[in-house]
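A.B. asks: I have a structure here, written as structure tokens, and I will follow up with some questions on it.
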């Protein structure tokens, strides 16, 4: 027996003594198991005779029993009968078995499992040493669901280790069949889940984690209570590891709060967490669409100070065969989205928009932080203090930090402890560290209990749902009657709050009301937990009676307008700003007469509605006069105000008229240019229209992209027939810095300062970056001690061109200012690449403009022939800069887009982190990806994938790697432009001869019967085009495009139509012709094609794809 154990250990560990691993980690084979059965039978018989040969019985018994439980246990409670029935031996007394287990586990250097009381669990210990039973895994439906739920909740709680996972498993017992609700299952599940999360960190998002782990960590199997020789077990493990990878990336959108310390001060901060990928199903559920997947969405942040585009969401195909789609998130600000200091208590809502649809997202922890105590707990992963909740709270953590309003007093409960850590004066809050249980009392007698070491975390999020008053301009919603309080959990569940909802007037202290009667004006609303009488949530809201309604009559420049407020319940009314209005008050209805205003954009009408001195609220209404006004973040703009392009998401046009019959038009023109477009506006409804200019962002961006002038602007005018109503201008930047080179400083320009608004000095920061190393950490400039609007330039800067960047919070609002540092003693630049002394850095550092542009042009020729050129990483650094700055401000990118071979090679080389931004260059600069010559694409692809093959020549799977790289490029491009499939198929034919294209591809169809089938689709699409547009709709015209009408086939010139209808129909054929023939388009033609594409993108891309396929089919198949 001694020899058997020695041989067993040596064959598994190359040692002769146990090394303390779990018994399942020895991986007992079937042969050894049957030998073990005989040995244990023999040992038990010898033990009954008190024979010395049985000295190793405890060790043999533990190994045998653990393996038998794994193989033989079917259902129900684990019992020793399973072990001894298999031996055909009566079950011995439990005292004897316990002794064998205790001595055997000591021999194996393994611990005994104990209950919380300290009692030893001999049977559970042995059962767990065997790992998960095979029969358990055969119940795949229930056990898979159980494991996945436990894994998800383990990730969500962010508490790590076997014990926490076991606790979660026991909490989810309801998911298991009754026969499996056993301690052994919970303990083994906890160990499995905890180990999976640890192993998941060692693998990337791979299809088969088991294979990857076998290569990277051969000993990994020893850690799992799961034998993977069984196929079912391996499939289960692969699925769980892949799920863990996704969960670790945190697929929820949520606000996370932080309490951070630096030096001797504390700061609070909220950061928006958005996973890198969002499922298309999730996006469609928010957008309210069932079929259409918009290729690109913008994520907008709405705050009282304005609206900002903070991220792009771009459609990507994740899996080729099952057509799984997801949106990839790409931040537009380097630091993501943050609110800090007092702004955490201001409204900050997140929207996603496709231009036509603007949808608010309900986000966990999306409400502003309120008046109650703020509770923070320490995270296990980062050891940072993270927001838990506000108000009364429980936490599993040993310690919590609590920020309370000045005047709150702590009281010890149940031997709790507290310590004052400091004060955040800007928030007027005091910081305490607590453990145990502490009650904080406010000066008016409200109390809040914070309890540590509780059995749960109070990590719910709250928001309000109710009927709201429309047609008002108030920043905060006005509810008709009390709204409902909703709770959102960290797992994404949402339901009505359970507890007592109470209210009281804002300026009243004392009694809280339970009854809704009399609830009006601005009030405090709170939620009390019924069982604990603890306040969990409080906020300020505006309430009007349920019967309240607003009616209006729109006036003109000669006739007054009028509002009628009904269902007021005896409210009084007055003008807030002494506006010259006439108020006729009644018990339940009031009339407000508004005289006509001349030669000015009418300010919003502000009325104070009150029932008593403590029951009041302000109503903000559009002035009831026919006309148009532009508003930015709720503020009416003066005539021809300048709005920065980065804030166009918050720019709205409001139209009012006496009827819905008038037709209004937007006239959009580039400054000092003939370029522009006219856009008919939607029909008014009930005499009013609100129109978001976000819809026209792409076309306005395209207009600005058609000029290199950084100060250019686009003027937007509103007309009704020939009557001019209002105007606003959109520019890349609305503010600028003024350089003072002799004084070595910069200051805010004279015209810019008034545009920054109140408290600008608390928001504006300036920094500098060297243009030859744009991704380096910026240098923060120090403010002048003498002048508030001036910043000093450091005297020790390196020689070369720098950008001075001014930020309004996180927004790069100021036009970048070029600041050159020059030392005449520098005569040369080091660097020599690819048989030339020229490098990108040397070109950037060249001070003479003409010479610099010449060097950049020469360099682009070199880059277009050199996929492995060492300057490519720097090129992509400049592309990353376009997250925040217009690419036309960079000479490097202007040179890049002027050289198609380098541009095509850049797109082929781009990865997930740079592809989207590079693709978007075509919307911001005078070129189009679809107009680059197909031969240029073919040559660039041959060059790039050829260089990959050469670099991977010694790798066995080289061709698979190259093919996967091409597939990724194909998916990225065709997800954005389905019309690119023929081009990708054509490239695939040239480079991957053993990879045939899909049977239904346009390129294959174009080669069948001379493309007759595709040609029949064109008239059908043309009929659909006509059906999508009204008879009186204005079609975009074109002057440059007409030059190419004779270059396309006769039947596609549409000569039977009037001239105004021909450009839209001919445009996709011309675009395909230019690409197929390698004709370089003029900037004006690029712009005209963009406008036509925007008019009806469905027609343009469908027909462009067909025309391109027909042209490619006529080209030879051999390599180009």
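Since every read-out is calculated from the coordinates, none of them should be taken as a lab result. Note that the coordinates shown come from a computational prediction; the quantities given were computed from them, not determined experimentally. Cβ coordinates were reconstructed from backbone atoms using ideal geometry, including for glycine residues, and neighbour counts include every protein chain displayed.
A.B. asks: Would you mind telling me the antiparallel percentage of the DSSP bridges in region 735-821, rounded to 5?
C.D. replies: Values: 24 of 26 bridges.
Percentage antiparallel, nearest 5: 90.
A.B. asks: Fewest to most neighbouring Cβ within 10 Å: what's the order for 563, 740?
C.D. replies: Ranking 563, 740 by Cβ neighbours within 10 Å, fewest first, gives 740, 563.
A.B. asks: Follow-up question, since we're still on this one. Where does helix 94-107 land angle-wise versus the long Cα axis of the chain, in degrees 0 to 90, nearest 10?
C.D. replies: 70 degrees
A.B. asks: Another one. Relative to the longest principal axis of the chain, what angle (0 to 90°, nearest 10) does the C-alpha long axis of helix 900-909 take?
C.D. replies: Here the helix axis deviates by roughly 30 degrees.
A.B. asks: Indicate the gyration tensor shape class of the chain (rounded, prolate or oblate), computed on the Cα atoms with a ≥ b ≥ c the square roots of the eigenvalues: a/c under 1.5 is rounded; otherwise a/b larger than b/c is prolate and the rest oblate.
C.D. replies: In terms of gyration-tensor shape, oblate.
A.B. asks: In what sequence do 460, 102 fall when counting other Cβ within 10 Å, fewest first? Don't skip to the answer; put the middle values down first.
C.D. replies: Working: 460 20, 102 16.
Listing 460, 102 from fewest to most nearby Cβ atoms yields 102, 460.
A.B. asks: Another one. Taking Cα centroids, how far is region 551-597 from region 1050-1109 in Å?
C.D. replies: Measuring centre to centre over Cα atoms gives 54 Å.
A.B. asks: Could you work out [θ]222 nm for the chain from helices alone, using -39500 (n - 2.57) per DSSP H run of at least four and dividing by all its residues? Round to the nearest 500 deg cm²/dmol.
C.D. replies: About -9500 deg cm²/dmol.
A.B. asks: Restricting to the chain, compute how many DSSP beta bridges are antiparallel as a %, nearest 5.
C.D. replies: Numbers: 184 of 197 bridges.
DSSP beta bridges in the chain are roughly 95 percent antiparallel.
A.B. asks: How far is helix 140-157 tilted off the main Cα axis of the chain, in degrees rounded to 10, range 0 to 90?
C.D. replies: 60 degrees
A.B. asks: Using the count of nearby Cβ atoms within 10 Å as a rough guide to exposure, how do 1002, 993, 60 rank from fewest to most? List each step's numbers first, then the result.
C.D. replies: On the way: 1002 27, 993 10, 60 23.
Lowest to highest Cβ neighbour count: 993, 60, 1002.
A.B. asks: Using only Cα atoms, locate the centre of region 446-498 and the centre of region 58-108, then give the distance between them in Å, rounded to an integer.
C.D. replies: About 54 Å separates the Cα centre of region 446-498 from the one of region 58-108.
A.B. asks: Mind ranking 598-608, 192-202 by how tightly packed they are, going by the mean number of other C-beta atoms within 10 angstrom, highest first?
C.D. replies: With the highest mean Cβ count within 10 Å placed first, the list reads 192-202, 598-608.
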